[in-house]
Amino acid sequence: MSNWKQRLTQDLEPILRETDPRPRLSAYHNMPYAIFRYPPDSEFALRGEITLLRTRLEQIGKRVTTISLAVCLDMALERAGLTAKRIDMAEKRTGTHKMVDTLHKVLADRQPLDVLVAELLPEHPDPLVDIVFITRAGALFPFYRTSSLLEQLTDRVATPAILFYPGDLDGAAGLRFMSVLDAEHNYRPKIF
(Lines give C-alpha, C1' and ligand atoms only; values in the text may rest on other atoms or scores of the structure.)
Protein backbone atom coordinates (compact mmCIF):
# COMPACT_ATOMS: atom_id res chain seq x y z
CA MET A 1 0.00 0.00 0.00
CA SER A 2 1.38 3.42 -0.91
CA ASN A 3 2.20 5.92 1.83
CA TRP A 4 -0.58 8.34 0.84
CA LYS A 5 -3.18 5.57 0.63
CA GLN A 6 -2.16 4.32 4.07
CA ARG A 7 -2.47 7.86 5.49
CA LEU A 8 -5.89 8.20 3.84
CA THR A 9 -7.37 4.93 5.10
CA GLN A 10 -5.57 4.51 8.43
CA ASP A 11 -5.02 8.09 9.64
CA LEU A 12 -7.70 10.31 8.10
CA GLU A 13 -10.64 7.96 7.57
CA PRO A 14 -10.97 6.86 11.23
CA ILE A 15 -11.19 10.52 12.26
CA LEU A 16 -13.86 11.27 9.62
CA ARG A 17 -15.87 8.29 10.88
CA GLU A 18 -16.10 9.77 14.38
CA THR A 19 -19.37 11.33 15.56
CA ASP A 20 -17.65 14.73 15.63
CA PRO A 21 -14.35 14.74 13.71
CA ARG A 22 -13.66 18.46 14.24
CA PRO A 23 -11.59 18.28 17.45
CA ARG A 24 -9.15 15.80 15.89
CA LEU A 25 -9.01 17.62 12.54
CA SER A 26 -8.09 21.03 13.89
CA ALA A 27 -7.09 22.83 17.05
CA TYR A 28 -8.97 25.92 15.81
CA HIS A 29 -12.76 25.97 16.28
CA ASN A 30 -13.21 28.38 13.34
CA MET A 31 -11.13 26.20 11.01
CA PRO A 32 -12.63 22.68 11.13
CA TYR A 33 -10.55 21.51 8.22
CA ALA A 34 -7.33 19.74 7.42
CA ILE A 35 -5.08 19.13 4.44
CA PHE A 36 -4.42 15.75 2.92
CA ARG A 37 -1.26 15.81 0.84
CA TYR A 38 -0.43 13.35 -1.90
CA PRO A 39 2.10 13.10 -4.75
CA PRO A 40 0.86 15.00 -7.82
CA ASP A 41 1.50 11.98 -10.03
CA SER A 42 -1.05 10.02 -7.95
CA GLU A 43 -3.94 12.33 -8.91
CA PHE A 44 -6.02 9.75 -10.78
CA ALA A 45 -5.46 7.00 -8.21
CA LEU A 46 -6.38 9.44 -5.45
CA ARG A 47 -9.64 10.38 -7.18
CA GLY A 48 -10.62 6.71 -7.18
CA GLU A 49 -9.78 6.38 -3.49
CA ILE A 50 -11.76 9.54 -2.67
CA THR A 51 -14.79 8.00 -4.36
CA LEU A 52 -14.39 4.84 -2.28
CA LEU A 53 -13.88 6.86 0.91
CA ARG A 54 -17.00 8.89 0.17
CA THR A 55 -19.01 5.68 -0.27
CA ARG A 56 -17.73 4.22 3.00
CA LEU A 57 -18.57 7.42 4.89
CA GLU A 58 -22.04 7.62 3.35
CA GLN A 59 -22.68 4.01 4.36
CA ILE A 60 -22.30 5.02 8.03
CA GLY A 61 -24.62 8.02 7.66
CA LYS A 62 -22.24 10.84 6.76
CA ARG A 63 -23.23 13.28 4.00
CA VAL A 64 -20.23 14.11 1.79
CA THR A 65 -20.09 17.17 -0.47
CA THR A 66 -17.26 17.25 -3.00
CA ILE A 67 -16.13 20.64 -4.28
CA SER A 68 -13.85 20.51 -7.30
CA LEU A 69 -11.49 23.47 -7.60
CA ALA A 70 -11.33 22.72 -11.33
CA VAL A 71 -15.09 23.36 -11.51
CA CYS A 72 -14.64 26.53 -9.43
CA LEU A 73 -11.95 27.68 -11.88
CA ASP A 74 -14.30 27.08 -14.82
CA MET A 75 -17.04 29.03 -13.02
CA ALA A 76 -14.67 31.94 -12.35
CA LEU A 77 -13.45 32.11 -15.93
CA GLU A 78 -16.98 31.89 -17.33
CA ARG A 79 -18.25 34.63 -15.00
CA ALA A 80 -15.23 36.79 -15.93
CA GLY A 81 -15.99 36.26 -19.63
CA LEU A 82 -12.76 34.39 -20.29
CA THR A 83 -13.06 31.51 -22.73
CA ALA A 84 -10.28 29.05 -23.53
CA LYS A 85 -9.91 30.72 -26.91
CA ARG A 86 -9.55 34.19 -25.36
CA ILE A 87 -7.02 32.91 -22.84
CA ASP A 88 -5.01 31.19 -25.55
CA MET A 89 -4.99 34.31 -27.75
CA ALA A 90 -4.03 36.57 -24.84
CA GLU A 91 -1.24 34.23 -23.77
CA LYS A 92 0.21 34.24 -27.29
CA ARG A 93 0.03 38.02 -27.35
CA THR A 94 1.28 38.86 -23.84
CA GLY A 95 3.18 35.74 -22.73
CA THR A 96 2.69 33.05 -20.14
CA HIS A 97 3.86 35.13 -17.18
CA LYS A 98 1.24 37.82 -17.86
CA MET A 99 -1.48 35.19 -18.32
CA VAL A 100 -0.56 33.51 -15.01
CA ASP A 101 -0.84 36.93 -13.34
CA THR A 102 -4.22 37.57 -15.01
CA LEU A 103 -5.63 34.21 -13.92
CA HIS A 104 -4.43 34.83 -10.37
CA LYS A 105 -6.21 38.21 -10.36
CA VAL A 106 -9.42 36.59 -11.59
CA LEU A 107 -9.40 34.10 -8.68
CA ALA A 108 -8.14 36.58 -6.10
CA ASP A 109 -10.18 39.67 -7.00
CA ARG A 110 -12.70 39.47 -9.84
CA GLN A 111 -14.21 36.08 -8.99
CA PRO A 112 -12.70 35.23 -5.59
CA LEU A 113 -12.12 31.51 -5.23
CA ASP A 114 -13.19 31.50 -1.58
CA VAL A 115 -16.57 32.96 -2.56
CA LEU A 116 -17.04 30.31 -5.24
CA VAL A 117 -16.14 27.53 -2.79
CA ALA A 118 -18.47 29.02 -0.16
CA GLU A 119 -21.33 28.99 -2.71
CA LEU A 120 -20.91 25.21 -3.02
CA LEU A 121 -20.80 24.42 0.70
CA PRO A 122 -23.86 22.65 2.15
CA GLU A 123 -26.66 25.17 2.84
CA HIS A 124 -27.68 24.05 6.33
CA PRO A 125 -24.72 21.96 7.42
CA ASP A 126 -24.76 19.60 10.34
CA PRO A 127 -21.17 19.30 11.58
CA LEU A 128 -21.94 15.85 12.97
CA VAL A 129 -23.15 14.57 9.58
CA ASP A 130 -21.68 16.71 6.80
CA ILE A 131 -18.13 16.42 5.48
CA VAL A 132 -16.67 18.49 2.64
CA PHE A 133 -13.97 17.26 0.28
CA ILE A 134 -12.17 20.00 -1.66
CA THR A 135 -10.49 18.33 -4.63
CA ARG A 136 -8.63 19.08 -7.87
CA ALA A 137 -6.32 21.75 -6.41
CA GLY A 138 -3.79 20.93 -9.13
CA ALA A 139 -6.07 22.69 -11.64
CA LEU A 140 -4.96 25.97 -10.05
CA PHE A 141 -1.26 25.41 -10.78
CA PRO A 142 0.75 27.65 -11.19
CA PHE A 143 -1.41 30.73 -10.75
CA TYR A 144 -3.13 30.24 -7.41
CA ARG A 145 -1.86 28.71 -4.18
CA THR A 146 -4.30 27.21 -1.73
CA SER A 147 -2.83 28.74 1.45
CA SER A 148 -4.79 31.93 0.85
CA LEU A 149 -7.98 29.97 0.10
CA LEU A 150 -7.89 28.20 3.45
CA GLU A 151 -7.26 31.41 5.37
CA GLN A 152 -10.15 33.12 3.56
CA LEU A 153 -12.50 30.25 4.45
CA THR A 154 -11.88 30.76 8.17
CA ASP A 155 -15.24 31.23 9.96
CA ARG A 156 -17.16 30.17 6.83
CA VAL A 157 -16.73 26.42 7.01
CA ALA A 158 -18.84 24.87 9.76
CA THR A 159 -18.35 21.21 8.91
CA PRO A 160 -15.29 19.00 8.79
CA ALA A 161 -13.54 19.66 5.48
CA ILE A 162 -10.49 18.18 3.79
CA LEU A 163 -8.43 19.94 1.13
CA PHE A 164 -6.73 17.31 -1.03
CA TYR A 165 -3.36 18.90 -1.83
CA PRO A 166 -0.96 17.73 -4.55
CA GLY A 167 2.51 18.39 -3.23
CA ASP A 168 5.30 17.63 -0.79
CA LEU A 169 5.68 18.25 2.91
CA ASP A 170 8.55 20.59 3.79
CA GLY A 171 9.25 20.56 7.51
CA ALA A 172 6.35 20.30 9.96
CA ALA A 173 3.93 22.74 8.30
CA GLY A 174 5.36 23.67 4.91
CA LEU A 175 3.93 22.49 1.61
CA ARG A 176 5.41 22.62 -1.89
CA PHE A 177 2.50 22.99 -4.33
CA MET A 178 2.71 20.37 -7.10
CA SER A 179 6.13 19.45 -5.65
CA VAL A 180 7.54 22.31 -7.73
CA LEU A 181 6.96 25.70 -6.12
CA ASP A 182 8.92 26.88 -3.09
CA ALA A 183 7.34 25.73 0.14
CA GLU A 184 4.86 27.92 1.94
CA HIS A 185 5.11 27.56 5.70
CA ASN A 186 2.01 29.46 6.76
CA TYR A 187 -0.43 26.55 6.78
CA ARG A 188 -2.24 26.38 10.13
CA PRO A 189 -4.50 23.40 9.42
CA LYS A 190 -3.37 19.90 10.32
CA ILE A 191 -1.56 18.17 7.47
CA PHE A 192 -2.12 14.46 6.89
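Scan the stretch 75-86 and give yes if some residue there is touching a Lys or Arg at 6+ places or on another chain (Cβ under 8 Å) and of a type in the set (Gly, Ala, Ser), otherwise no.
Checking the stretch 75-86: at least one residue is touching a Lys or Arg at 6+ places or on another chain (Cβ under 8 Å) and of a type in the set (Gly, Ala, Ser).
Out of all the residues in the stretch 28-51, which are farther than 14 Å from Pro160 by Cβ and either outside any helix (DSSP H, G or I) or not charged (D, E, K, R) (or both)?
Pass one, the stretch 28-51, residues farther than 14 Å from Pro160 by Cβ: 37-51.
Of everything in the stretch 28-51, those that are farther than 14 Å from Pro160 by Cβ and either outside any helix (DSSP H, G or I) or not charged (D, E, K, R) (or both) turn out to be Arg37, Tyr38, Pro39, Pro40, Ser42, Phe44, Ala45, Leu46, Gly48, Ile50, Thr51.
Any residue at all in the stretch 66-89 that is more than 30 Å from Arg7 (Cβ to Cβ), among the β-branched types (Val, Ile, Thr), open to solvent by 30 Å² or more (accessible area, probe 1.4 Å) and at pLDDT 90 or above?
No, that holds for no residue.
Being open to solvent by less than 70 Å² (accessible area, probe 1.4 Å) and within 18 Å of Leu121 (Cα to Cα) is the filter; apply it to the stretch 26-46 and report the residue that is modelled with the lowest pLDDT.
Kept after step one, since they are open to solvent by less than 70 Å² (accessible area, probe 1.4 Å), are these residues of the stretch 26-46: 26, 30-40, 42-43, 45-46.
Now restrict to residues that are within 18 Å of Leu121 (Cα to Cα): 30-35.
Values: Asn30: 82, Met31: 85, Pro32: 91, Tyr33: 90, Ala34: 93, Ile35: 93.
So, considering only residues that are open to solvent by less than 70 Å² (accessible area, probe 1.4 Å) and within 18 Å of Leu121 (Cα to Cα), the one modelled with the lowest pLDDT is Asn30.
Across the stretch 16-51, what is the total count of residues that are over 18 Å from the mean Cα position of the chain (by Cα) and free of Cβ contacts under 8 Å to residues at least 60 places away in the same chain?
Here the count works out to 5.
Of the numbered conditions (1) part of a loop (DSSP other than H, G, I, E, B); (2) open to solvent by 20 Å² or more (accessible area, probe 1.4 Å); (3) among the hydrophobic types (A, V, I, L, M, F, W, C), Val157 fails exactly one; give the number of that condition.
(2)
For the stretch 52-79, how many residues are under 18 Å from Asp130 (Cβ atoms) and either in a strand (DSSP E or B) or not charged (D, E, K, R) (or both)? Reasoning before the result, please.
Taking the stretch 52-79 first, the residues under 18 Å from Asp130 (Cβ atoms) are 53-68.
From what's left, either in a strand (DSSP E or B) or not charged (D, E, K, R) (or both): 53, 55, 57, 59-61, 63-68.
Looking only at that region, the number is 12.
What are the residues in the stretch 25-70 that are under 23 Å from Val180 (Cβ atoms) and aliphatic (A, V, I, L, M), if any?
Passing the criteria: Ala34, Ile35, Ala45, Leu46, Ile50, Leu69, Ala70.
Is it true that some residue in the stretch 120-138 is open to solvent by less than 30 Å² (accessible area, probe 1.4 Å), in contact (Cβ under 8 Å) with a residue 40 or more places away in the chain and either on the phi > 0 side of the Ramachandran plot or part of a helix (DSSP H, G or I) (or both)?
Checked the stretch 120-138: at least one residue is open to solvent by less than 30 Å² (accessible area, probe 1.4 Å), in contact (Cβ under 8 Å) with a residue 40 or more places away in the chain and either on the phi > 0 side of the Ramachandran plot or part of a helix (DSSP H, G or I) (or both).
The values are calculated or read from the model by the stated rules, or taken from the named source; none is laboratory data. On a predicted model such as this, the values are computed, not experimentally measured, just so you know. FYI the Cβ positions are ideal-geometry reconstructions off the backbone, even for glycines, and counts take in every protein chain you see. Ligands, DNA and RNA are stripped out before the accessible areas are found, and what is left, the full protein with its side chains, is counted by its heavy atoms. Shrake-Rupley method; radii C 1.70, N 1.55, O 1.52, S 1.80 Å.
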